[in-house]
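All remarks here apply to the structure that follows.
The values are calculated or read from the model by the stated rules, or taken from the named source; none is laboratory data. All figures in this text were calculated on a predicted structure; none of them were measured in a lab. For neighbour counting, all protein chains shown are included, and Cβ atoms are generated from backbone atoms with ideal geometry for every residue, glycine included.
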Amino acid sequence: MESGPPPTLEDLAQRYYSPDDPSLKGAGYLRAYTRLLEPRRQEPLAILELGVSTGASLLSWHDYLPNATIIGIDIEPPPARVVGVARVHVLQGDQADPALLDQAAAIVGRPFDLIIDDASHFGHLTKRSLHYLFPRLLAPGGWYVIEDFGTGFLPHYADGTVYAPPDWTDAQPHTREYRSSQFGMVGIVKQLIDAMMQEVATGARSYLAIERLLIEPNIVFIEKSRQPGAPWPGPMPDKPRLPEPPDDLRVRLDEHAARLAELERVVSRLRRVLAPVLWLRRSLRK
Ligand SMILES: C[S@@+](CC[C@H](N)C(=O)[O-])C[C@H]1O[C@@H](n2cnc3c(N)ncnc32)[C@H](O)[C@@H]1O
């Protein structure tokens, strides 16, 4: 039992992270998590964190939220200091493995109140986890957090690139499209705006029922709506689906294909007609 005032997240970061730990959650992150969690400190929250590393964050959540159950997932084996800690469970495996994510939810027996993705920081894995967890295993009104989405601005990251500021001279009367980086997790965070706007734009809800996006430097907080979204479209396919051409384009392509076939018929007829003439010319040249 701790005596004195309950620890802040800053106290716990000092307690559990070594100062040179690259995973140390920054001051801005801790402030944002405090805003989110302080009013709910005594609740029996269910928390899932993708990415465990030394276990410092799991132990911080454990001490900050005395009635919460905390599940961690990491591709590496669990660090010794979290093994056997009450209310903390660690599963080993990939952050995007649906069976493992189901296993995590089965431990708490209900959807999570908070899911944090601090694992690979690759766009495709981040998106697969979100696609599976957000609509199915996050409680209505719950929060989904993606940390360090700025890897999309890192040229040495597999799906990142060199940061390029958007062109601010494009504010011209006839400009319709305002371009900006779409690489890696940066692109995914920008796509979330489209998902949130789908109902406003089309009248049809997205399966990602987003109530609110709170985008801060390098971290995004996604609040799940209390209203149900559209039905989950099913598992993410393993190969990207090519977009279907629009109907008018398909008609034009069919017309071009018919013209090409006709052209080929004409050329082969010409070849047959000209063959004796060409043979005669070659023979006379010899
Ligand atoms: C930034 S660290 C996590 C730090 C931890 N959340 C904290 O705040 O102390 C990232 C972790 O993600 C793990 N990881 C990387 N790729 C993964 C994947 N595909 N699935 C699950 N974990 C992964 C790494 O092994 C590493 O321990």
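Just a few scattered comments:
- Total residues in region 1-19, condition more than 17 Å from Glu147 (Cβ to Cβ), assigned to a loop (DSSP other than H, G, I, E, B) and either among the polar types (S, T, N, Q) or within 13 Å of the ligand (Cβ to nearest atom) (or both): 3
- Count of region 67-87 residues which are surrounded by 13 or more Cβ atoms within 10 Å (Cβ to Cβ) and away from the ligand (no atom under 13 Å from the Cβ): 4
- Each residue in region 54-66 was checked for being touching a residue at least 60 places away in the same chain (Cβ under 8 Å) and within 10 Å of the ligand (Cβ to nearest atom), and 1 of them qualify.
- Where a residue in region 112-129 is farther than 19 Å from Tyr207 by Cβ and of a type in the set (S, T, N, Q) and its partner, wherever it lies, is near the ligand (Cβ under 7 Å from one of its atoms) and at pLDDT 95 or above, with Cβ under 7 Å and at least six apart: Ser120/Gln95
- Scanning region 117-159 for residues that are among the β-branched types (Val, Ile, Thr), within 11 Å of the ligand (Cβ to nearest atom) and crowded, with 23+ Cβ neighbours inside 10 Å turns up just one, Thr126.
- On inspection, Glu199 passes the criterion of being acidic (Asp, Glu), over 18 Å from the mean Cα position of the chain (by Cα) and in a helix (DSSP H, G or I).
Results for (1) closer than 18 Å to Ile222 by Cβ; (2) among the basic types (Lys, Arg); (3) within 13 Å of the ligand (Cβ to nearest atom), shown as yes or no for each residue.
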{"position": "Ala27", "(1), (2), (3)": "no, no, no"}
{"position": "Glu38", "(1), (2), (3)": "no, no, no"}
{"position": "Gln42", "(1), (2), (3)": "no, no, no"}
{"position": "Leu45", "(1), (2), (3)": "yes, no, no"}
{"position": "Gln95", "(1), (2), (3)": "yes, no, yes"}
{"position": "Asp102", "(1), (2), (3)": "no, no, no"}
